[in-house]
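**Student:** Here it is, the structure in full.
The values are calculated or read from the model by the stated rules, or taken from the named source; none is laboratory data. Note that the structure is predicted; figures quoted are calculated from it, not measured. In this analysis, Cβ positions are derived from the backbone assuming ideal geometry, glycine residues included, and neighbour counts consider all displayed protein chains. Heads up: the accessible areas ignore ligands, DNA and RNA and are worked out on the full protein's heavy atoms, side chains in. Shrake-Rupley method; radii C 1.70, N 1.55, O 1.52, S 1.80 Å.
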Amino acid sequence: MKPRKPLSLPGIDGPAVLREASRLVERRLDAPARRAFLSRGLTLGGLAMLSGCSLSDNESAEKALGVVSRWNDRVQAWLFDPNKLAPTYPESMITRPFPFNAYYGIDEVRHVDEESFRLEVSGLVADRRQWRLDELRQMAQIDQVTRHICVEGWSAIGKWGGVPFSAFLKRVGADLSARYVGFKCADDYYTSIDMPTALHAQTILALNYDGKTLPPEYGFPMKLRMPTKLGYKNPKHIQAIFVTNTYPGGYWEDQGYNWFGGS
Ligand SMILES: Nc1nc2c(c(=O)[nH]1)N[C@H]1C(S)=C(S)[C@@H](COP(=O)(O)O)O[C@H]1N2
Ligand SMILES: [Mo]
(Lines give C-alpha, C1' and ligand atoms only; values in the text may rest on other atoms or scores of the structure.)
(Ligands and ions follow the chains in the order given, each with its own letter.)
Protein backbone atom coordinates (compact mmCIF):
# COMPACT_ATOMS: atom_id res chain seq x y z
CA MET A 1 0.00 0.00 0.00
CA LYS A 2 1.19 3.49 -0.78
CA PRO A 3 2.01 5.51 2.33
CA ARG A 4 -0.55 8.27 2.79
CA LYS A 5 0.69 11.79 2.44
CA PRO A 6 0.29 13.77 5.65
CA LEU A 7 -2.59 16.23 5.49
CA SER A 8 -1.31 19.51 4.17
CA LEU A 9 -2.98 22.87 4.55
CA PRO A 10 -1.91 25.85 2.46
CA GLY A 11 0.29 28.21 4.41
CA ILE A 12 0.68 25.87 7.38
CA ASP A 13 3.89 23.97 7.98
CA GLY A 14 2.44 20.90 9.77
CA PRO A 15 5.65 19.46 11.25
CA ALA A 16 6.74 22.92 12.42
CA VAL A 17 3.38 23.48 14.12
CA LEU A 18 3.71 20.17 15.91
CA ARG A 19 7.27 20.92 17.02
CA GLU A 20 6.18 24.31 18.30
CA ALA A 21 3.20 22.74 20.04
CA SER A 22 5.21 20.11 21.88
CA ARG A 23 7.78 22.71 22.87
CA LEU A 24 4.95 24.76 24.38
CA VAL A 25 3.52 21.77 26.17
CA GLU A 26 6.93 20.81 27.53
CA ARG A 27 8.34 24.15 28.56
CA ARG A 28 6.15 27.16 28.08
CA LEU A 29 2.88 26.16 29.71
CA ASP A 30 2.97 25.83 33.48
CA ALA A 31 1.64 22.71 35.21
CA PRO A 32 -2.01 23.82 35.73
CA ALA A 33 -2.22 25.00 32.12
CA ARG A 34 -0.83 21.67 30.94
CA ARG A 35 -3.33 19.75 33.02
CA ALA A 36 -6.15 21.99 31.81
CA PHE A 37 -5.00 21.39 28.29
CA LEU A 38 -4.99 17.61 28.75
CA SER A 39 -8.49 17.74 30.23
CA ARG A 40 -9.71 19.15 26.94
CA GLY A 41 -8.54 16.14 24.97
CA LEU A 42 -7.11 18.25 22.18
CA THR A 43 -3.78 18.31 20.41
CA LEU A 44 -1.96 21.61 20.27
CA GLY A 45 -1.28 21.04 16.57
CA GLY A 46 -5.02 20.88 15.89
CA LEU A 47 -5.51 23.86 18.13
CA ALA A 48 -2.97 25.95 16.23
CA MET A 49 -4.73 25.16 12.98
CA LEU A 50 -8.20 25.85 14.36
CA SER A 51 -7.22 29.13 15.91
CA GLY A 52 -4.96 30.31 13.11
CA CYS A 53 -2.71 31.54 15.87
CA SER A 54 1.04 31.10 16.09
CA LEU A 55 0.96 30.11 19.76
CA SER A 56 4.20 32.01 20.16
CA ASP A 57 3.55 33.12 23.72
CA ASN A 58 1.68 31.92 26.76
CA GLU A 59 -1.02 34.55 26.52
CA SER A 60 -2.04 33.77 22.95
CA ALA A 61 -1.93 30.05 23.70
CA GLU A 62 -4.24 30.62 26.68
CA LYS A 63 -6.62 32.71 24.55
CA ALA A 64 -6.70 30.08 21.82
CA LEU A 65 -7.31 27.37 24.42
CA GLY A 66 -10.21 29.41 25.78
CA VAL A 67 -11.81 29.77 22.37
CA VAL A 68 -11.50 26.06 21.65
CA SER A 69 -12.72 25.16 25.15
CA ARG A 70 -15.93 27.16 24.67
CA TRP A 71 -16.42 25.54 21.28
CA ASN A 72 -15.78 22.19 22.96
CA ASP A 73 -18.55 22.96 25.54
CA ARG A 74 -21.02 23.43 22.70
CA VAL A 75 -19.98 20.26 20.91
CA GLN A 76 -20.18 18.21 24.14
CA ALA A 77 -23.61 19.66 24.97
CA TRP A 78 -24.77 18.80 21.48
CA LEU A 79 -23.33 15.25 21.67
CA PHE A 80 -24.70 14.60 25.18
CA ASP A 81 -27.40 11.94 25.01
CA PRO A 82 -29.77 12.40 27.99
CA ASN A 83 -30.90 8.78 27.68
CA LYS A 84 -27.49 7.14 27.49
CA LEU A 85 -26.35 5.57 30.76
CA ALA A 86 -22.76 5.49 32.00
CA PRO A 87 -21.42 1.98 32.73
CA THR A 88 -22.22 0.45 36.12
CA TYR A 89 -20.15 -2.22 37.88
CA PRO A 90 -20.60 -5.10 40.34
CA GLU A 91 -19.90 -4.22 43.99
CA SER A 92 -16.90 -6.59 43.90
CA MET A 93 -15.17 -4.05 41.66
CA ILE A 94 -15.40 -1.14 44.12
CA THR A 95 -11.95 0.45 44.66
CA ARG A 96 -10.92 0.09 48.31
CA PRO A 97 -9.96 2.40 49.80
CA PHE A 98 -11.63 4.93 47.52
CA PRO A 99 -9.24 7.87 46.90
CA PHE A 100 -9.74 11.27 48.49
CA ASN A 101 -9.11 14.38 46.43
CA ALA A 102 -9.66 18.11 46.88
CA TYR A 103 -7.77 21.33 46.21
CA TYR A 104 -6.26 20.88 49.70
CA GLY A 105 -4.92 17.93 51.68
CA ILE A 106 -6.96 15.40 53.66
CA ASP A 107 -5.93 17.00 56.98
CA GLU A 108 -7.96 20.07 55.96
CA VAL A 109 -11.23 18.23 55.20
CA ARG A 110 -14.28 20.30 56.19
CA HIS A 111 -16.44 18.99 59.02
CA VAL A 112 -19.99 20.25 58.51
CA ASP A 113 -22.28 20.17 61.55
CA GLU A 114 -25.43 18.16 60.82
CA GLU A 115 -27.66 19.87 63.40
CA SER A 116 -27.18 23.41 62.15
CA PHE A 117 -26.83 22.46 58.47
CA ARG A 118 -29.41 23.88 56.04
CA LEU A 119 -29.24 23.42 52.29
CA GLU A 120 -30.02 26.72 50.54
CA VAL A 121 -32.00 26.65 47.28
CA SER A 122 -32.27 29.80 45.18
CA GLY A 123 -32.59 31.31 41.72
CA LEU A 124 -35.17 30.10 39.21
CA VAL A 125 -37.11 27.84 41.61
CA ALA A 126 -40.68 28.14 42.92
CA ASP A 127 -39.84 26.96 46.45
CA ARG A 128 -36.78 28.67 47.97
CA ARG A 129 -37.07 27.21 51.44
CA GLN A 130 -34.03 25.67 53.12
CA TRP A 131 -33.68 21.91 53.62
CA ARG A 132 -32.54 19.91 56.63
CA LEU A 133 -30.64 16.70 55.95
CA ASP A 134 -33.36 14.42 57.38
CA GLU A 135 -35.90 15.95 54.98
CA LEU A 136 -33.70 14.90 52.06
CA ARG A 137 -33.31 11.42 53.59
CA GLN A 138 -37.11 11.07 53.53
CA MET A 139 -37.20 11.31 49.73
CA ALA A 140 -36.91 8.13 47.60
CA GLN A 141 -33.25 7.06 47.22
CA ILE A 142 -31.29 5.19 44.56
CA ASP A 143 -27.83 3.56 44.52
CA GLN A 144 -25.17 3.42 41.83
CA VAL A 145 -21.77 1.72 41.42
CA THR A 146 -19.94 3.81 38.84
CA ARG A 147 -16.48 4.98 37.87
CA HIS A 148 -15.17 8.38 38.98
CA ILE A 149 -12.54 9.81 36.60
CA CYS A 150 -10.19 12.57 37.75
CA VAL A 151 -8.20 14.60 35.21
CA GLU A 152 -5.15 14.29 37.46
CA GLY A 153 -4.76 10.79 36.01
CA TRP A 154 -6.63 8.33 38.21
CA SER A 155 -10.03 6.70 38.23
CA ALA A 156 -11.85 4.61 40.81
CA ILE A 157 -15.12 2.73 41.18
CA GLY A 158 -17.38 3.70 44.06
CA LYS A 159 -20.91 3.27 45.34
CA TRP A 160 -23.04 6.30 46.03
CA GLY A 161 -26.64 6.53 47.20
CA GLY A 162 -29.07 9.40 47.38
CA VAL A 163 -31.93 11.34 45.84
CA PRO A 164 -32.23 11.43 42.03
CA PHE A 165 -31.35 15.07 41.34
CA SER A 166 -34.18 15.38 38.78
CA ALA A 167 -36.68 14.47 41.54
CA PHE A 168 -35.18 17.16 43.78
CA LEU A 169 -35.31 19.82 41.05
CA LYS A 170 -38.95 18.97 40.31
CA ARG A 171 -39.79 19.01 44.03
CA VAL A 172 -38.46 22.57 44.44
CA GLY A 173 -40.23 23.70 41.26
CA ALA A 174 -37.04 24.50 39.35
CA ASP A 175 -37.32 26.06 35.91
CA LEU A 176 -36.22 22.96 33.97
CA SER A 177 -35.67 25.04 30.85
CA ALA A 178 -32.99 27.16 32.58
CA ARG A 179 -29.42 26.71 31.34
CA TYR A 180 -27.41 26.10 34.50
CA VAL A 181 -27.50 24.63 37.98
CA GLY A 182 -24.82 26.08 40.24
CA PHE A 183 -23.35 24.74 43.49
CA LYS A 184 -21.60 26.47 46.40
CA CYS A 185 -19.68 24.28 48.81
CA ALA A 186 -18.70 24.53 52.47
CA ASP A 187 -15.00 24.63 51.50
CA ASP A 188 -15.36 27.54 49.02
CA TYR A 189 -15.33 25.16 46.06
CA TYR A 190 -17.99 25.92 43.47
CA THR A 191 -19.06 24.56 40.11
CA SER A 192 -22.01 24.49 37.74
CA ILE A 193 -23.58 22.10 35.25
CA ASP A 194 -25.91 22.13 32.26
CA MET A 195 -29.60 21.34 32.85
CA PRO A 196 -29.69 18.19 30.63
CA THR A 197 -26.98 16.62 32.83
CA ALA A 198 -28.76 17.80 35.99
CA LEU A 199 -31.83 15.85 34.82
CA HIS A 200 -29.90 12.72 33.75
CA ALA A 201 -31.13 9.48 35.42
CA GLN A 202 -27.71 8.80 37.03
CA THR A 203 -27.24 12.29 38.47
CA ILE A 204 -27.85 11.96 42.20
CA LEU A 205 -27.70 14.18 45.23
CA ALA A 206 -25.60 11.65 47.13
CA LEU A 207 -26.08 11.36 50.90
CA ASN A 208 -24.37 7.97 51.26
CA TYR A 209 -21.11 6.35 50.32
CA ASP A 210 -20.89 2.53 50.23
CA GLY A 211 -24.15 2.13 52.17
CA LYS A 212 -23.19 4.54 54.98
CA THR A 213 -23.66 8.25 55.60
CA LEU A 214 -21.29 10.16 53.31
CA PRO A 215 -18.11 10.64 55.39
CA PRO A 216 -16.47 14.10 55.59
CA GLU A 217 -13.67 13.18 53.14
CA TYR A 218 -16.17 12.28 50.41
CA GLY A 219 -18.26 15.41 50.94
CA PHE A 220 -20.60 15.26 53.95
CA PRO A 221 -23.38 16.32 54.05
CA MET A 222 -23.93 15.80 50.32
CA LYS A 223 -22.23 15.65 46.98
CA LEU A 224 -23.59 15.72 43.45
CA ARG A 225 -22.61 12.45 41.83
CA MET A 226 -22.58 12.34 38.01
CA PRO A 227 -20.92 9.38 36.26
CA THR A 228 -21.31 11.32 32.98
CA LYS A 229 -18.90 14.02 34.15
CA LEU A 230 -15.27 14.25 35.26
CA GLY A 231 -14.40 14.37 38.97
CA TYR A 232 -14.01 18.15 39.29
CA LYS A 233 -17.62 18.65 38.15
CA ASN A 234 -18.89 16.56 41.13
CA PRO A 235 -19.15 19.06 44.04
CA LYS A 236 -18.72 17.79 47.61
CA HIS A 237 -19.95 19.54 50.82
CA ILE A 238 -22.80 21.21 48.92
CA GLN A 239 -24.26 24.12 50.88
CA ALA A 240 -26.27 25.99 48.24
CA ILE A 241 -27.90 25.06 44.94
CA PHE A 242 -29.14 27.68 42.48
CA VAL A 243 -30.82 27.57 39.08
CA THR A 244 -29.83 30.32 36.64
CA ASN A 245 -29.39 31.44 33.04
CA THR A 246 -26.23 33.38 33.95
CA TYR A 247 -23.00 31.39 33.49
CA PRO A 248 -21.71 30.58 37.00
CA GLY A 249 -18.28 29.04 36.13
CA GLY A 250 -16.43 26.93 38.67
CA TYR A 251 -13.30 26.70 40.83
CA TRP A 252 -11.19 24.80 38.26
CA GLU A 253 -13.23 25.94 35.26
CA ASP A 254 -12.29 29.57 35.98
CA GLN A 255 -8.63 28.49 35.88
CA GLY A 256 -8.97 26.95 32.42
CA TYR A 257 -10.55 23.52 32.87
CA ASN A 258 -13.22 22.77 30.30
CA TRP A 259 -16.65 23.77 31.65
CA PHE A 260 -18.81 20.93 30.25
CA GLY A 261 -16.31 18.38 31.60
CA GLY A 262 -18.01 15.30 30.17
CA SER A 263 -16.34 11.92 30.49
N1 LIG B 1 -16.19 20.80 47.62
C2 LIG B 1 -15.29 20.22 46.81
N3 LIG B 1 -15.71 19.35 45.89
C4 LIG B 1 -14.83 18.75 45.06
C5 LIG B 1 -13.44 19.06 45.11
C6 LIG B 1 -13.00 19.98 46.10
O7 LIG B 1 -11.81 20.32 46.24
N8 LIG B 1 -13.95 20.55 46.94
N9 LIG B 1 -12.55 18.41 44.26
C10 LIG B 1 -13.12 17.75 43.05
C11 LIG B 1 -12.21 16.81 42.43
S12 LIG B 1 -10.99 17.44 41.42
C13 LIG B 1 -12.36 15.45 42.56
S14 LIG B 1 -11.39 14.34 41.71
C15 LIG B 1 -13.39 14.88 43.46
C16 LIG B 1 -12.78 13.93 44.48
O17 LIG B 1 -13.78 13.27 45.19
P18 LIG B 1 -13.41 12.16 46.28
O19 LIG B 1 -12.62 12.83 47.38
O20 LIG B 1 -14.70 11.61 46.74
O21 LIG B 1 -12.56 11.14 45.56
O22 LIG B 1 -14.12 15.88 44.15
C23 LIG B 1 -14.42 17.03 43.39
N24 LIG B 1 -15.31 17.86 44.15
MO1 LIG C 1 -10.35 15.67 40.12
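**Student:** Can you name every residue in the range 147-168 that is in contact with a strand residue (DSSP E or B) (Cβ under 7 Å, 6 or more places away or on another chain) and away from ligand 1 (no atom under 12 Å from the Cβ)? It would help to see each step written out before you state the result.
**Tutor:** If we filter the range 147-168 for residues that are in contact with a strand residue (DSSP E or B) (Cβ under 7 Å, 6 or more places away or on another chain), which is where we start, we get 147-149, 155-165, 168.
Scanning the range 147-168 gives G161, G162, V163, P164, F165, F168.
**Student:** So is G66 out of contact with any helix residue (DSSP H, G or I) (no Cβ under 8 Å at 6 or more places or on another chain), open to solvent by less than 50 Å² (accessible area, probe 1.4 Å), more than 16 Å from ligand 2 (Cβ to nearest atom) and more than 19 Å from L205 (Cα to Cα) or not? First the steps, then the outcome.
**Tutor:** Numbers: out of contact with any helix residue (DSSP H, G or I) (no Cβ under 8 Å at 6 or more places or on another chain): yes; open to solvent by less than 50 Å² (accessible area, probe 1.4 Å): yes; more than 16 Å from ligand 2 (Cβ to nearest atom): yes; more than 19 Å from L205 (Cα to Cα): yes.
Against the criterion (out of contact with any helix residue (DSSP H, G or I) (no Cβ under 8 Å at 6 or more places or on another chain), open to solvent by less than 50 Å² (accessible area, probe 1.4 Å), more than 16 Å from ligand 2 (Cβ to nearest atom) and more than 19 Å from L205 (Cα to Cα)), G66 qualifies.
**Student:** Quick one: what pairs do we get from the range 85-114, first residue at negative phi, second basic (K, R), C-beta under 8 Å, 6+ apart or different chains?
**Tutor:** Here the result reads A86/R147; P87/R147; Y89/R147; E91/K159; I94/K159; A102/K236, each pair linking the range 85-114 to a residue that is basic (K, R).
**Student:** Further question on the same structure: Restricting to the range 102-116, name every residue that is closer than 13 Å to Y189 by Cβ and charged (D, E, K, R).
**Tutor:** E108, R110
**Student:** Residue by residue through the range 92-123, note down the ones that are of a type in the set (F, W, Y) and either away from ligand 1 (no atom under 16 Å from the Cβ) or in contact with a strand residue (DSSP E or B) (Cβ under 6 Å, 6 or more places away or on another chain) (or both).
**Tutor:** Here is the first cut: in the range 92-123, the residues of a type in the set (F, W, Y) are 98, 100, 103-104, 117.
Hit for the range 92-123 is F98, nothing else.
**Student:** Continuing with this model, one more query. Considering only the range 210-251, state which residues are within 16 Å of ligand 2 (Cβ to nearest atom) and free of Cβ contacts under 8 Å to residues at least 40 places away in the same chain.
**Tutor:** Scanning the range 210-251 gives G219, M226, K229.
**Student:** Would you say T203 is within 23 Å of G249 (Cβ to Cβ), without any contact (Cβ under 8 Å) to a residue 60 or more places away in the chain and in the same structural domain as D107 (by TED's automatic domain parsing)?
**Tutor:** yes
**Student:** Give all pairs with beta carbons closer than 6 Å in which a residue from the range 157-168 that is not assigned by TED's automatic domain parsing to the domain that holds N234 meets a residue that is in a strand (DSSP E or B) and more than 16 Å from ligand 1 (Cβ to nearest atom); count only pairs at least 6 apart in sequence or on separate chains.
**Tutor:** none
**Student:** Of the residues G219, G231, only one is on the phi > 0 side of the Ramachandran plot and either small (G, A, S) or not assigned by TED's automatic domain parsing to the domain that holds V112 (or both); which?
**Tutor:** Criteria check complete, one pass: G219.
**Student:** Suppose the filter is assigned by TED's automatic domain parsing to the domain that holds A102 and either within 16 Å of ligand 1 (Cβ to nearest atom) or in a loop (DSSP other than H, G, I, E, B) (or both); does E135 pass it?
**Tutor:** On the way: assigned by TED's automatic domain parsing to the domain that holds A102: yes; either within 16 Å of ligand 1 (Cβ to nearest atom) or in a loop (DSSP other than H, G, I, E, B) (or both): no.
Answer is no for this residue.
**Student:** A follow-up question, please. For the range 121-144, name all the residues that are open to solvent by less than 60 Å² (accessible area, probe 1.4 Å) and over 22 Å from D194 (Cα atoms). So that I can check it myself, show each step before the final result.
**Tutor:** In the first step, residues of the range 121-144 are kept if they are open to solvent by less than 60 Å² (accessible area, probe 1.4 Å); the result is 121-123, 125, 127, 131, 133, 135-136, 139, 144.
If the condition is that a residue be open to solvent by less than 60 Å² (accessible area, probe 1.4 Å) and over 22 Å from D194 (Cα atoms), then W131, L133, E135, L136, M139 are the ones that fit.
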